[in-house]
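Please read the structure below before turning to the comments.
The values are calculated or read from the model by the stated rules, or taken from the named source; none is laboratory data. Just so it is clear, the model here is predicted, and its values are computed rather than measured. Cβ placement follows ideal geometry from the backbone for every residue including glycine, while neighbour counts extend to all protein chains displayed. Accessible surface areas use protein heavy atoms only, side chains included; no ligands, DNA or RNA. Shrake-Rupley method; radii C 1.70, N 1.55, O 1.52, S 1.80 Å.
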Amino acid sequence: RMQNSRSKPCSCPSLKLREVASMYFTLVAAFLVILVVALQGSAPQGSDFPYKVPLDPQGLLELSWNVSYPQQAVHFQLLIRELQFGLLFGMSDRGEFENADLAVLWSDGHNSYFGDAWSDAKGQLHMDSQQDYQLLGARRAPEGLYLLFRRAFSTCDPKDYLIEDGTVHLIYGILEKPVHSLQAINISALHGGLQRVQLLKPNISIPELPRDMKTMEITAPDVVIPSQETTYWCYMAELPEGFPKHHIIMYEPVVTAGNEALVHHMEVFQCAAEFDSFPHYNGPCDSKMKPDRLNYCRHVLAAWAMGAQAFYYPEEAGLAFGGPGSSRYLRLEIHYHNPLVFKGRRDSSGIRLYYTATLRPYDAGIMELGLVYTPVMAIPPGEDNFTLTGYCTDKCTQLALPPAGIRIFASQLHTHLAGRKVVTVLSRDGREQRVVNADRHYSPHFQEIRMLKEVVAVFPGDELITTCTYNTEDRSRATVGGFGILEEMCVNYVHYYPQTQLELCKSAVDPGYLHRYFSLVNRFNDEEICMCPQVSVPQQFYSIPWNTFNRDVLKSLYSFAPISVHCNKSSAVRFPGEWEKQPLPSITERLRERVPRCPPTPEPHPAAPIPLNLGQLRRD
């Protein structure tokens, strides 16, 4: 999201004072570069930059970073293994090179420069009048060039990206030829790409781990990664016979060395306990050879995505597995992203579970919030910002939660391909209390279980409201809710303790009111829409002519019509009660939008690039 507010400038200083300020900042920047280069004769310590991700599929660009919440800033370390004539690195709303916020290193073949820049809607680069990517150092090492720089979360520069919680789309572009100025860089000719990360990692303390802790690795058995861009690989594993109940208290990724840029994300699912056995399988998840029974392995035990660290359970709780009523069978799913179509690359990646037989006070649970998987919730085609909302109502939490409530400590957001934003808000007595989890730059291609910065307490009578925003500009017919990849979902899997019987707390519009909508559309439409009982809801949506009236009435329907509430136990049976035609929760007080904090600056840094002495650059 681009910022649209800027702090009011101070009254203009005299010309001399402005010149002095400009010289001062130039000298400070130059001093910092000299100081850092002088101090860092060896590679920076990994502990200084705990988070790391490869930017490109070949692993030639490696980004490390740390987050300072007191300073409200991110410190970046970019390792360029094979420097040619420079690099663009930056952030944009969804990974585009247009309207992007960029740090640029470029060379004319003799002299090198670093500057904060932005690109306009046509992709033309401009030097930013406010230099907010602050260069801290540049140093050559045997493994490549290290570039160190800093960026505040919020700069109050309308050309800058606001770094906030959730997914950040990082972009990069490699300069393969010398350029004589920033403006001479042609973005469309660059070799570039994007990488998604969660930049603002939660600053949580790591719980003490028990002495009797054991580990178990669920890994792919030396598979050959298919030579295609996208592969979902499935592998069945099983727990030992008679494996008693344990608590998973932590897990972390195991990624085969050399494949860090190919292993995009991984999940371990536990199978349904109602089946005594599951067939062994090791192959693509979409293969016709995959046994249908594997579709009953859907209970998430662990999920990791590129750039994520180890996941820790709170010291009071663990995720139960093993023992009576728990399946021995597990399914590992790995998403390989192989855009360069490497052939013959072998992989044994997976997830390492840390578990204990000394059970913690509480079993952790996973609850689904959001919308029921049903076609009654639909998005018209050609929409750039269409919202759907699912409700976990006060009536359901009053009935299903214990008097002391539950504590949510992690969350995994989920939509299909049209999803652009997901937010869950906790409401109490009609007043929004706090955001549980929000991702305003959500991508369906980057889903991970994220530890929350603070545990969220939910009590009987509270409401949990999940809103998803969709973009269907590239579609010609309505997108309905459902399981298919071109259908849509709106889900927040919240991880909480103590575990309750409530496994699913979701809603959908009342089907009777939707039928009235179809009747109304039919009345105002020249071409008759078949309302016959045998015509399915998706078919009725597909036949609607999507004029402004039909769109607006559907939006209005979803904002006032009664809902069908699914307040379900683990067995997919609803709690006793009346759940049809329930009124929408009434919100009388909304949360205020947080105003970005602008860092105090006596005067913006001069809009001039910083010269760097990197020696003469040449093509390898």
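Observations on the model:
- Helix 15-39 vs. the chain, principal-axis angle (Cα, 0 to 90°, nearest 10): 80 degrees
- Dipole-positive endmost among Met236, Gln433, Tyr493 within the chain (Cβ charges, Cα centre): Gln433
- With 20 Å bins from 0: P(r) over the chain, alpha-carbon pairs, percent: 17, 47, 31, 5, 0
- Overall, segment 359-428 carries a charge dipole of about 240 debye about its Cα centre when +1 sits on the Cβ of Lys and Arg and -1 on the Cβ of Asp and Glu, all other atoms neutral.
- Cα centroid separation - segment 392-459 against segment 167-233, whole Å: 26 Å
- Added length on full extension, which subtracts the Cα-Cα distance from 0.36 nm per residue, Asp429 to Glu454: 6.8 nm
- Accessible area of the chain belonging to carbon and sulfur atoms, whole % at 1.4 Å probe: 52 percent
- In the full protein context, segment 166-284 carries 46 Å² of accessible surface per residue, based on a 1.4 Å probe and ignoring ligands, DNA and RNA.
- Solvent-accessible surface ranking, highest first, for Trp579, Trp118 at 1.4 angstrom: Trp118, Trp579
- Cα centre as origin, Lys/Arg/Asp/Glu Cβ charges: the chain dipole, Debye: 620 debye
- Take segment 365-594 with all the other protein chains still there, run a 1.4 Å probe, and you get 44 Å² of accessible area per residue.
- J(HN,Hα) series, segment 493-500, from Karplus relation 6.51 cos²θ - 1.76 cosθ + 1.60, nearest Hz, glycine and proline x: 7, 9, 9, 8, 8, x, 4, 10
- Helix 548-560 vs. the chain, principal-axis angle (Cα, 0 to 90°, nearest 10): 70 degrees
- For peptides 496-506, 217-227, sequence by mean Cβ density within 10 Å, most packed first: 496-506, 217-227
- Given their separation in residues at 0.36 nm each and the Cα-Cα distance between them, Lys569 and Arg516 gain 16.0 nm when the chain is fully extended.
- Distance between the 7 Å Cα→Cβ label points at Arg94 and Leu359: 4.7 nm.
- MRE, 222 nm, helices only [DSSP H, n ≥ 4, -39500 (n - 2.57), over the chain, to nearest 500]: -3500 deg cm²/dmol
- Helix 511-523 and the long axis of the chain differ in direction by around 80°, with both axes built from C-alpha atoms.
- By a 1.4 Å probe calculation restricted to protein chains, Ile587 has an accessible surface near 40 Å², given to the nearest 10.
- Volume per residue of the convex hull around the Cα atoms, evaluated for segment 51-201, comes out as 107 Å³.
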